[in-house]
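Contents: one structure, followed by commentary.
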Amino acid sequence: HKTFVQPPSPEALSSYLHAHFPNGNYLSAYEAGFSGFWAHYKLVEMGIQNIVVNPADVSTSQKERLQKTDAVDSRKIARSLRNNELTAIHVPCRETLEIRTLLRSRDALVRDLARMKQRVKAFLYYYGIDYPEEFQHSGTHWSRAFMNWLRNGIRMDTEEGGAGLSLLLDSVESQRRLLLEATRKLRALSRSDGYATDYELLRSVPGIGMITALSLLAELEDIRRFANSDRLAGYIGLVPTSHSTGEKDNKGEMTFRGQMQLRSKLIECAWFAARIDPALNMAFSKLTRRMEPNKAIVRIARKLLNRIFYVLKYKRRYKNETVE
């Protein structure tokens with residue numbers, strides 16, 4: 001039709017389409033990005049058949065990569081949409097998005113708390129303050145007694161130095177309170193009607209804790225959208241890169257594509273599951289005979305994911321003798 005510029009507003013696009021092409025069949029697409037899915041919801045509500053696509057999956061020529069502009073991207077997406085070359089990503093419902101927000105906010109709090117603790121440790125190293133003997137073991141760090149020592153057992157030479165330490169400790173305690181509040185809300189979510197059944201199924205899988213179980217349910221939303229466990233592994237990113245030509249078939253590192261939050265959580269859970277589950281422990285022992293443990297644990301995470309797919313797909317609790 002033509003290329004033109006208008007405000008990035010679903011209402012503006014809808015008004016233009018209805019004014020120039022009344023009673024038309026409207027299709028649109030845009031790339032997933034920082035702005036989320038609110039525009040998709042609006043467009044669909046206004047009768048426009050919209051899809052959201054992964055930017056990496058849009059066909060691009062070398063010239064378009066070298067001369068990348070908003071206008072070029074727009075024409076590229078429109079061309080692919082017209083040729084029916086685009087594959088839409090899954091768009092979750094608004095409720096699921098908000099639950100994801102709570103989970104990701106908690107993850108951010110965990111990272112922020114770790115940073116604040118490192119700042120307190122850096123403060124102690126900077127002034128050459130050693131831990132008392134009862135706190136030499138790392139397991140006693142950040143206990144109530146340790147925090148009381150930080151508050152009352154350290155004397156700085158100036159009021160300003162004491163105020164600086166106090167501000168750092170206030171930040172640590174504030175982050176801990178916020179983290180506790182977020183965890184309580186997630187614990188309540190695990191008992192809600194929409195999550196309780198699948199949550200209990202996931203908790204039956206070795207190594208899967210509360211946060212990982214809720215993260216899986218919120219990020220996957222509906223296990224039925226994955227035809228098999230291979231599709232699920234591809235979505236999370238627990239598949240290797242490959243380069244095959246002729247008789248050569250080379251497998252590389254894990255693909256950079258995938259759901260990074262879930263992938264890291266599953267690998268962390270795999271370390272624990274490999275210790276407590278007999279089948280996974282045996283598999284891990286065999287793998288470490290021919291590869292490094294850090295590579296072996298990725299394969300254990302894949303086996304763990306197969307068990308997760310099984311219990312969610314068939315609504316059965318995990319049992320060692322029924323899942324191989």
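Taking 22 Å as the limit for the C-alpha separation, the pairs LYS265/LYS295; LYS286/LYS315; LYS121/LYS185; LYS2/LYS68; LYS185/LYS265; LYS265/LYS303 exceed it in the case of LYS286/LYS315; LYS121/LYS185. When the trypsin sites (Lys or Arg not before Pro) in the stretch 6-79 are filtered for DSSP coil states and for at most 14 other beta-carbon atoms within 10 Å of their beta-carbon, the remaining sites are LYS68.
The long axis of helix 278-287 is offset from the longest Cα principal axis of the chain by roughly 80 degrees. Neighbours of ASP193 by Cβ distance under 13 Å: Lys/Arg scored +1, Asp/Glu scored -1, total -2.
With protein chains left intact and a 1.4 Å probe, residues in the stretch 1-160 average 69 Å² of accessible area per residue. Ordering ASP107, ASP193 by accessible surface, largest first, gives ASP193, ASP107; the 1.4 Å probe counts only protein heavy atoms, with every chain in place.
Comparing Cα centroids, the stretch 166-207 and the stretch 60-79 end up 43 angstrom apart. Checking [x] 30, 50, 19, 1; [y] 23, 44, 29, 4; [z] 24, 37, 26, 13, 1 against P(r) over Cα pairs in 20 Å bins from 0, in percent calculated from these atoms, the matching label is [y]. For the stretch 1-140, the direction-averaged projected area of the alpha-carbon convex hull comes to 14.5 nm². Rounded to the nearest 0.05, the FRET efficiency derived from the C-beta distance between ARG176 and ALA19 at R0 = 41 Å is 0.15. Between 0 and 90 degrees, the angle of helix 210-220 with respect to the longest Cα principal axis of the chain falls at about 10 degrees. The length gained on full extension between ARG289 and LEU97, counted as 0.36 nm times the residue separation minus their Cα-Cα distance, comes to 64.9 nm. For the chain, the relative contact order comes to 12 percent (Cα pairs under 8 Å, sequence separation of at least 6).
In the chain, the DSSP beta bridges split such that about 55 percent are antiparallel, to the nearest 5. Between 0 and 90 degrees, the angle of helix 10-20 with respect to the longest Cα principal axis of the chain falls at about 0 degrees. With a cut-off of at most 15 other beta carbons within 10 Å, and DSSP calling the residue loop, which trypsin sites (Lys or Arg not before Pro) in the stretch 140-237 qualify? Please list them. The qualifying sites are ARG155, ARG191. Partner aspartates and glutamates whose Cα lies under 20 Å from the Cα of LYS42, excluding those fewer than 8 positions away in the same chain, are identified as GLU11, GLU31, GLU95, GLU98. Sorting THR241, THR197 by accessible area puts them as THR197, THR241; the probe is 1.4 Å, largest comes first, and only protein heavy atoms count. Working note: 222 nm ellipticity from helices only, DSSP H runs with n ≥ 4, each -39,500 (n - 2.57), summed and divided by the residues of the chain, gives -18500 deg cm²/dmol to the nearest 500.
The values are calculated or read from the model by the stated rules, or taken from the named source; none is laboratory data. What you see is a predicted model, and the numbers here were worked out from it, not measured in a lab. Virtual Cβ from ideal backbone geometry, glycine too; neighbours counted across all protein chains shown. We work out accessible area using only protein heavy atoms, side chains counted, and drop any ligands, DNA or RNA first. Shrake-Rupley method; radii C 1.70, N 1.55, O 1.52, S 1.80 Å.
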